Structure formats: structure tokens, C-alpha cells
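*Asks:* Before we start, here is the structure in question, set down as C-alpha cells.
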Amino acid sequence: MTFLPSGALKKDSNKHYSMLLLAVMLIAIGPLIGAPGFTLAADDTSLEEALDGFDDDAAAAEDDAIQDVMEGFDDDPAANDTQAAASDDQLPSNQPTSAYPTLSIGGAARLRAFYNLAKDAPEEGETDWRGVSSLRGDLLLEAVSKLSESWQAKLTLWGYYDAIFDIQGQDEYTDEVIDTHAYNLELRDTYIQGNLTRNMDLKVGRQIVVWGKSDNLRVCDVLNPLYLRELGMTDIRDLRLPVTMARVDYYWSNWNVSGMAIPEIRFNDMPVYGGDYYFQDASLPQEEVPEDGIENMEYAVALNGIFSGWDIAFYYADIYDDAPYLYLESVDLVTPGPPPIYQPNLVLKHARLDMFGAAWNMALGNWLIKTETAYFQGLMYFNTPDETYARTDIMFGIEYSGFRDMTISVEVLNRHLHDYDEALEELPTAVEENEAQYAARLTKDWLHETLTLTLLASAYGVDFLSGSFERIALAYDLTDNFMVNGGLVLYQSGDKPEFEDIGDSDRIFLELKYSF
């Protein structure tokens, strides 16, 4: 892969339309890339078991790191042991067919680097994010124990250390950036799971529950917060953060119903003051996070049906809004005067929401049609503090996989705020009555799925001018355990707050990952 030097990418007045052009490009070049004549020279000896997708977040490491360890975990152990006995003449006939507990340990180590291509020189007192902005090492350790034929347990620890902050000097960064980006250690997917009855399962602990059918946009998928510190760098499939919950699933015929009780209150992991993706000149007010426990418990239930060629799901959730709203707690007298001087006491709060949703998929040959809708009640905004609002989100998507080893998908989403008040247009709320979002993706595999190209474009606004980004990534599995991934991310500024000053954040990335 050829990387461009700093300054090689220049912004121009037409850059806002690059997302639309890339989406058109996906459709235009799709038949060419998938055509039989479009191949890469390769050795006859191929690698096996390519890693899936573009993963820049710890959640992706969790999904891939111990894939080999988990392989066959759900197989019938008695059947496996019987086959082993048949192939081993020395195994005594009275040997037990299974022994519990069993323990498997694995993980992954990763090195990654970001190089900013277009950052402007900082003003006095600001952090210089030009050039190399991240040199991070990640380590994921995972232990899986089969406790019995129907129960298992999993423990996952994930941590990272970013050397760039010591290389550049920690004094060059805000305390918030050091606290969140320099190092971290946390408990990821950690749970116990098993069968209560033949048709009922229980899973308790930190886990991820995916709702909906969309691969790129978020509609009904509301149970897990997202890692949003590095906008556009990671697919939604790898953004979810686990939360502690108790989940019960009951299965009958083609249906299953799931019920979740979530005592751990955790919100989106957002950019912090002074960070590379932070869009404000000052730190945000303090965020009020409800205490974990029964009193603030979140609840959810889902009904899923899987049939020949199509599936459908219905959802309900009683949850906190992951996105906070600004709230005027009080006005404090600072100086009695004359004239008196008052200081507003602002905080960030999270509204309690009811969400009703549905999702549907249908396969028609090489085509996959998908749609989602969600209705939210209880939204609150600073500009109208005494009002609550409802919003309806509708997503339509289409995916085509008729080309060899290639998939193209396009998704369109609109969020409509009911009983809209024009006061919401003003800052600091800046919410529109209708907010459109688009996503287009192309993935292409070569060399027996060991070389994968991913093109992803996402944009806000009917005219694509509210903010957008494009990501081009190429991943290659050198061996079953070692993967190299690199690419380019382009950003376009827009009137959506988090995109206002993002246009100079174009960057290249490189990642080395070893799974064990």
C-alpha cells in the first residue's frame, strides 16, 4: 500500500460531494471488480480463515481474538468424545466421554498508528495533532470455561497504552485526553451462560446485544452504548460497548423472545476536551450519570421470528438516552453588585425514553432487502426545557452479493422529530425536524478471503452537506494468526455540530494484529 505524504490531500470546494461520488463509484466499479477477468496474481498456496471486517475498536478484537479457541464450543461434547474414542485404539472402553470444567485461554495483541495528513497548525495553548497522532498497543486476554454440558463462562480483559503521549510529552495534552487516551484497562465481555430448560437460556454479565438489521446505521440497536472517540474510524459492528445485564431467551417453533434487565448505566464514549476529534473550544459541563442498580434499571424485550427467506423482529426498551441534553440546573449569584453578576449552572443530563421498534429482512436471490423503524418517546432539549418530544426513525437498505466474493450495500435513514418547535434550530440545541443519513459500503475479497478491500462512505443531510466521511481499508492475513490492515479516512465538515471543524482530520492508519 502506498501512503500519501503530509499535505498530499488538499481540501476544495467540491469535497462535500465526495461521499456521493464514492457511493456512485461503488455501484459503477462493482461489476468490474467482480468480473472474472479482474484478478490479482497469487501463489496457489492460500491462507485460511480470514479475519472479518475492519476492526479499530476493542470490540472487534474480542470477536476475532479467540475465534479458534471458541471453535466447536457449542458442539455436542459427547459426540466429539465418541469420535475421538473411535479413532484411538488405546482409549479404555470405560473412559468418561466428557470431563468438566475445561478452560481455554487466548487473546490478541495489536499495534496501530494514525498519521494526520491535513491538520492546521495549532493556535497558542492548543495541542498539535499534526503528523503521528497515535502509536497505541492493545492487549486482549480472554478465558473461556465450559462448566458443564450446558453451561459456560467467559472472562475478557482489555487494555491499551498509547506511547505518543510520552513521546510528545504529556504536558502537551489536556488532562481529559491523558485520562482517556493514554492508557486504559477494563472488563469487556464477561458472563456466565447456560440452559435453564430445554427451550430457555440464561446469560448474566457484561455482554453485547445487537438489535435490528442495519449493518451501517443505528435505529433499533439501542441497548449498548458506542465508542465514538474516533469518529469514522470504526464500523458500527465494532463500536458497541458491553454492559452488565441479565438476559433470558425462550425458543419455540420459528420464534424466540428475549428479555433483558440492565442494572449498569453506561453511555456513549465521546471525544473529550482537547482531543483530536473534540469540536468545542471549552470543556463541556459535568455529566450526570444515574447510579447503577435496581432503582435506575433499564428494561428491554424482543420478539424474533426466522422463516424461509425472511425474518422479522419487534422491540421495546425502557432506557436512558445515550445522547445527553444540556440542562440549566440553577442560576448562582456570583457577585451581589451593583450590578449583581449571576453564573448559570449547566449540567448534561440523560432523558428516560420508551422505544418501540421493528425490523424486517427478505432475501431475493442475490438481493437482501432490509428495513427498520423505531419510535422514541421522552426526548428532551435545552431550548425547550419544559417539553418532551417523540421521534420516528425509518431506515431502508438494499444489499447485493451477486458478484464473486463481493458485497455492495446502500442504506438510507431519516429521523423525524414530531411537534417540532423552531426554537430547536438555535444553538446550543441545533436539532432539525428531519435529519437524513446515508451509508454505502463495498467489500471485496481475494486470495481465498485473505485479502479484503472495504470502501465505506457515510453522510448527513439531504444534500450531503451536514458532514460526511469516507474510509478505504485493505486488510491482509499473512498467516492464520497475523493480520496487517491499513488505509485512508477522509472527512468533510458540515453544519452538524460534531462535523463543524472535522474537515482537516484526514488521516492514514496502519494496524498489525497477532491472535493467539
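The values are calculated or read from the model by the stated rules, or taken from the named source; none is laboratory data. Treat the numbers as computed from the prediction; the structure is a model and nothing was measured. Note that we place each Cβ from the backbone using ideal geometry, even for glycine, and neighbour counts take in every protein chain shown.
*Asks:* Just one of ALA475, ALA436 is crowded, with 18+ Cβ neighbours inside 10 Å, at pLDDT 95 or above and within 20 Å of the chain's Cα centre (by Cα); which is it?
*Replies:* ALA475
*Asks:* Which condition from (1) buried (at least 17 other Cβ atoms within 10 Å of the Cβ); (2) over 30 Å from VAL410 (Cβ atoms); (3) basic (Lys, Arg); (4) free of Cβ contacts under 8 Å to residues at least 40 places away in the same chain is the one that ARG218 breaks?
*Replies:* Failed condition: (2).
*Asks:* Taking the stated definitions as given, is TRP158 in a loop (DSSP other than H, G, I, E, B), hydrophobic (A, V, I, L, M, F, W, C), crowded, with 16+ Cβ neighbours inside 10 Å and in contact (Cβ under 8 Å) with a residue 40 or more places away in the chain?
*Replies:* No; evaluated as a whole, the condition is false for this residue.
*Asks:* Oh, and also: Just for region 254-280: of the residues that are in a loop (DSSP other than H, G, I, E, B) and free of Cβ contacts under 8 Å to residues at least 40 places away in the same chain, which one is nearest to the chain's Cα centre (by Cα)?
*Replies:* Filtering region 254-280 for residues that are in a loop (DSSP other than H, G, I, E, B) and free of Cβ contacts under 8 Å to residues at least 40 places away in the same chain, the one nearest to the chain's Cα centre (by Cα) comes out as TYR278.
*Asks:* If the requirement is being small (Gly, Ala, Ser), in a strand (DSSP E or B), crowded, with 17+ Cβ neighbours inside 10 Å and on the phi < 0 side of the Ramachandran plot, which of these qualifies: GLY305, GLY357?
*Replies:* GLY357
*Asks:* Is at least one residue of region 131-140 of a type in the set (S, T, N, Q) and closer than 29 Å to VAL210 by Cα?
*Replies:* Taking every residue of region 131-140 in turn, none turns out to be of a type in the set (S, T, N, Q) and closer than 29 Å to VAL210 by Cα.
*Asks:* Inside region 478-501, can you point out the residues that are of a type outside the set (D, E, K, R) and surrounded by fewer than 18 Cβ atoms within 10 Å (Cβ to Cβ)?
*Replies:* Scanning region 478-501 gives LEU478, THR479, ASN481, PHE482, VAL484, PRO497.
*Asks:* I would also like to ask the following. Kindly indicate the residue of region 393-412 that is in a strand (DSSP E or B) and among the polar types (S, T, N, Q) and also nearest to GLY378 (Cα to Cα) among those meeting that condition.
*Replies:* The residue in question is SER409.
*Asks:* Criterion first (touching a residue at least 12 places away in the same chain (Cβ under 8 Å), under 18 Å from GLU230 (Cα atoms), touching a strand residue (DSSP E or B) at 6+ places or on another chain (Cβ under 6 Å) and surrounded by 21 or more Cβ atoms within 10 Å (Cβ to Cβ)) does LEU442 satisfy it?
*Replies:* no
*Asks:* Here is a follow-up. Which one of these is assigned to a loop (DSSP other than H, G, I, E, B) and either closer than 30 Å to TYR327 by Cβ or among the β-branched types (Val, Ile, Thr) (or both): ALA423, ALA390, ALA430, ALA374?
*Replies:* Of ALA423, ALA390, ALA430, ALA374, the one residue that is assigned to a loop (DSSP other than H, G, I, E, B) and either closer than 30 Å to TYR327 by Cβ or among the β-branched types (Val, Ile, Thr) (or both) is ALA430.
*Asks:* I'd like to check something: does region 135-150 contain any residue that is β-branched (Val, Ile, Thr), out of contact with any His (no Cβ under 6 Å at 6 or more places or on another chain) and under 22 Å from ALA182 (Cβ atoms)?
*Replies:* Among the residues of region 135-150, not one is β-branched (Val, Ile, Thr), out of contact with any His (no Cβ under 6 Å at 6 or more places or on another chain) and under 22 Å from ALA182 (Cβ atoms), which makes the answer no.
Condition check ((1) in contact with a strand residue (DSSP E or B) (Cβ under 6 Å, 6 or more places away or on another chain); (2) buried (at least 16 other Cβ atoms within 10 Å of the Cβ); (3) within 26 Å of GLY397 (Cβ to Cβ); (4) in contact (Cβ under 8 Å) with a residue 12 or more places away in the chain) across all residues:
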site	(1), (2), (3), (4)
THR197	no, no, no, no
MET200	yes, no, no, yes
ARG206	yes, yes, no, yes
LEU226	no, yes, yes, yes
GLU230	no, yes, yes, yes
ASP235	no, yes, yes, yes
VAL248	yes, yes, no, yes
TRP252	no, no, no, yes
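*Asks:* Given the options ASP292, ASP321, ASP281, name the one that is on the phi < 0 side of the Ramachandran plot and touching a Phe, Trp or Tyr at 6+ places or on another chain (Cβ under 9 Å).
*Replies:* Just a single option satisfies the conditions, and that option is ASP321.
*Asks:* Looking at region 481-516 only, could you name the residues that are farther than 18 Å from LEU139 by Cα and among the acidic types (Asp, Glu)?
*Replies:* Once the filter is applied, which keeps residues that are farther than 18 Å from LEU139 by Cα and among the acidic types (Asp, Glu), region 481-516 yields ASP495, GLU498, GLU500, ASP501, ASP504, ASP506.
*Asks:* Please specify each residue of region 478-493 satisfying the condition of being under 22 Å from the mean Cα position of the chain (by Cα) and either polar (S, T, N, Q) or not in a strand (DSSP E or B) (or both).
*Replies:* ASN485, GLN492, SER493
*Asks:* Considering only region 345-367, I want to know if a residue exists there that is within 15 Å of ALA313 (Cα to Cα), touching a residue at least 60 places away in the same chain (Cβ under 8 Å) and basic (Lys, Arg).
*Replies:* No, every residue in region 345-367 fails to be within 15 Å of ALA313 (Cα to Cα), touching a residue at least 60 places away in the same chain (Cβ under 8 Å) and basic (Lys, Arg).
*Asks:* If GLU329 passes every condition in (1) under 25 Å from the mean Cα position of the chain (by Cα); (2) assigned to a strand (DSSP E or B) but one, which one does it miss?
*Replies:* Checking GLU329 against (1) under 25 Å from the mean Cα position of the chain (by Cα); (2) assigned to a strand (DSSP E or B), the one that fails is (1).
*Asks:* Go through the residues of region 318-325 one by one and say whether even a single one is under 30 Å from SER134 (Cα atoms), among the acidic types (Asp, Glu) and outside any strand (DSSP E or B).
*Replies:* yes
*Asks:* Among LEU140, LEU135, which is within 20 Å of the chain's Cα centre (by Cα) and part of a strand (DSSP E or B)?
*Replies:* The unique qualifying residue is LEU140.
*Asks:* Quick one: ARG110 ticks every box in (1) under 22 Å from the mean Cα position of the chain (by Cα); (2) in a loop (DSSP other than H, G, I, E, B); (3) of a type in the set (Lys, Arg) except a single one, so which number is it?
*Replies:* (2)
*Asks:* Considering only region 237-253, state which residues are in a strand (DSSP E or B) and among the charged types (D, E, K, R).
*Replies:* Selection gives ARG240, ARG247, ASP249.
*Asks:* Among the numbered criteria (1) out of contact with any Ser or Thr (no Cβ under 7 Å at 6 or more places or on another chain); (2) crowded, with 16+ Cβ neighbours inside 10 Å; (3) not small (Gly, Ala, Ser), which single criterion is violated by LEU379?
*Replies:* Of the numbered conditions (1) out of contact with any Ser or Thr (no Cβ under 7 Å at 6 or more places or on another chain); (2) crowded, with 16+ Cβ neighbours inside 10 Å; (3) not small (Gly, Ala, Ser), the odd one out for LEU379 is (1).
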